[in-house]
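This report refers to the structure that appears directly beneath it.
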Amino acid sequence: MTKDPVCGKRINRGKAHAAVEYNHFLYFLCCPVCQAQFEKEPRRYAKPDIGVRVKQGVQ
């Protein structure tokens, strides 16, 4: 389970409407409205304690 950073709803990652990467973190969103809000103002909603760190590939 994770929390939608826009509305605060607890959601299952596998059933999330969308997953958006921002600043090396992945954020799970529950619906198109929350996705649009997040994409419009990611700095407002992106909090590392809610997101999941994206592993960086080794080159």
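What follows draws every value from the coordinates through simple rules; no lab data is involved. This is a predicted model, so every value here is computed, not measured. With ideal geometry, Cβ positions are generated from the backbone for all residues, glycine too; neighbour counts draw on all protein chains shown.
So the values come out like this:
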read-out: Enumeration of residues in the stretch 43-59 that are part of a helix (DSSP H, G or I) and either surrounded by 11 or more Cβ atoms within 10 Å (Cβ to Cβ) or hydroxyl-bearing (Ser, Thr, Tyr) (or both); value: Arg44, Tyr45
read-out: Matching residues in the stretch 10-42 - criterion: being loosely packed, with under 14 Cβ neighbours inside 10 Å and either in contact with a Leu (Cβ under 7 Å, 6 or more places away or on another chain) or not in a helix (DSSP H, G or I) (or both); value: Arg10, Asn12, Glu21, Asn23, His24, Glu41
read-out: Identity of the residue in the stretch 9-32, free of Cβ contacts under 8 Å to residues at least 12 places away in the same chain and over 11 Å from the mean Cα position of the chain (by Cα), that ends up nearest to Lys55 (Cα to Cα); value: Gly14
